[in-house]
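Data first, discussion second: the structure below is written as structure tokens.
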Amino acid sequence: MMKIAIIRCEKNMDRCPLTNCFNCLIEKKKGFIQYNETIPAGVFTCKCPGDNAVGLSKILKSKGAEAIHFCTCTFSKKSDKGWDMADGGFCDNIDSIIDTVYQETEIQCIKGTAHLPKGYVPSTWK
Ligand code: SF4
Ligand code: SF4
């Protein structure tokens with residue numbers, strides 16, 4: 001049973017209640033396809049410029065999270081042709097934020113949750 005946390009972006013926090021993120025986590029699809037069993041460990045919200053992400057991740061780890069997924073909308077946008085990462089998403093620094101979280105907490109980090117852009121294989125820090 002993999003305990004999984006999600007970190008979302010404050011720029012989307014009043015528009016999306018993580019509906020597809022949770023569906024995918026529970027149904028083990030899209031960004032969560034690699035797990036046999038999943039259980040949600042918690043959700044936190046990153047706030048610009050992202051300096052809180054490490055502290056939030058330490059708390060998630062202390063609560064039992066074994067992996068943290070960062071929402072797909074941080075690096076891709078919905079377009080006429082589906083979700084696309086060509087022009088990025090809400091966050092210009094998501095890779096660097098994930099990098100820092102991984103270095104500081106040593107918790108496995110994955111970039112992606114729901115509705116992955118076509119051809120995108122989730123980047124993993126582990
Ligand atoms: S990845 Fe999708 S479902 Fe998850 S918070 Fe972003 S817009 Fe909502
Ligand atoms: S730093 Fe990036 S992920 Fe964090 S709130 Fe700002 S735009 Fe969103």
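Just so it is clear, none of the values below were taken in a lab; they were calculated from the coordinates. It should be emphasised that the depicted structure is a prediction, and the values quoted were computed from it without experimental measurement. When we count neighbours, we look across all protein chains shown, and the Cβ atoms used for this are built from the backbone with ideal geometry, even at glycine.
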*Taking neighbour counts of Cβ atoms within 10 Å as a proxy for exposure, in what order, fewest first, do V54, V121 appear?*
V121, V54
*Which pairs, out of K28/K61; K58/K111; K29/K78; K11/K126; K78/K126; K47/K118, put more than 23 Å between their alpha-carbon atoms?*
K11/K126; K78/K126; K47/K118
*If you take every DSSP beta bridge whose two residues both sit in region 6-126, what share of them, in percent to the nearest 5, is antiparallel?*
40 percent
*Return, ordered by residue number, the residues of region 48-75 whose backbone nitrogen is under 11 Å from a label point located 7 Å along Cα→Cβ of S123.*
75
*Stick to Cα atoms and the Kirkwood definition of Rh, then tell me Rg/Rh for the chain.*
0.93
_Global geometry of region 57-125, whether rounded, prolate or oblate, following the gyration tensor of its Cα atoms and the 1.5 cut on a/c_ = prolate
*region 2-125: relative contact order as a whole-number percent, Cα under 8 Å and 6+ apart*: 30 percent
*Under 15 Å from a label point 7 Å along Cα→Cβ of N52: give me every residue in region 60-90 with its amide N that close.*
60
